[in-house]
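> Got a structure for you, questions after.
We did not get these values from a lab; they are worked out from the coordinates using the rules stated. Since this is a predicted model, take the numbers as computed values, not measurements. Glycine gets a Cβ as well: all are built from the backbone with ideal geometry, and neighbour counts include every protein chain shown.
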Amino acid sequence: MSPNKTMTYGERAVGLDFNPSGDDDVHRVKTLMAELIDILNEERGAAKTAEKTRLFGIAIIEAQTAQMWAVKALTWKDE
């Protein structure tokens, strides 16, 4: 991540700049989910009803949850 680049909403939502181990798979998953969240957030901003806005909000939360579980799985250390 370039220090001069402003992070997108999705990049901030997934914590793209937090990857202490420097794991390439973690970065890839976070990047893909950030892109999805950016699409959902853009659509949420264009929504014409409260219900549609709410549904996009839920989708964003669930994408964040999926990203966190994916990172957990990728970084899991078996005994």
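> Taking the mean number of other Cβ atoms within 10 Å as a proxy for protection, how do you rank 68-75, 57-64, 46-53, 35-42 from highest to lowest? Mind showing how you got there, number by number?
Working: 68-75: 13.6, 57-64: 15.6, 46-53: 10.4, 35-42: 17.4.
The most tightly packed comes first, giving 35-42, 57-64, 68-75, 46-53.
> Show that you can apply the helix-only estimate: for the chain, add -39,500 (n - 2.57) for every DSSP H stretch of four or more residues, divide by all residues, and state [θ] at 222 nm to the nearest 500. Please report the intermediate quantities before stating the final value.
Details: 3 runs with 55 residues, N = 79.
Theoretical 222 nm ellipticity from helices: -23500 deg cm²/dmol.
> Would you work out the charge dipole size for the chain about its Cα centre, treating the Cβ of every Lys and Arg as +1 and the Cβ of every Asp and Glu as -1, and quote it to the nearest 20 debye? Before the final figure, lay out each step's value.
Numbers: 10 positive and 13 negative charges, 73 e Å.
With Lys and Arg at +1 and Asp and Glu at -1, about 360 debye.
> Note down the nm distance, to one decimal, between modelled labels 7 Å out along Cα→Cβ at THR49 and at ASP23.
Going from the THR49 label point to the ASP23 one covers 4.0 nm.
> Which Cα, out of ALA47, VAL29, ILE60, lies furthest along the positive dipole direction of the chain (beta carbon charges, K/R +1, D/E -1)?
Checking the options against the dipole of the chain, the answer is ALA47.
> To the nearest 10 degrees, how steeply does helix 24-46 sit against the main Cα axis of the chain, on a 0 to 90 scale?
10
> Related question: Suppose every Lys and Arg Cβ carries +1 and every Asp and Glu Cβ carries -1, with no other charges. What dipole size does the stretch 37-79 come out with about its Cα centre, to the nearest 20 debye?
On the way: 6 positive and 7 negative charges, 40 e Å.
Using only the charged Cβ atoms, the result is roughly 200 debye.
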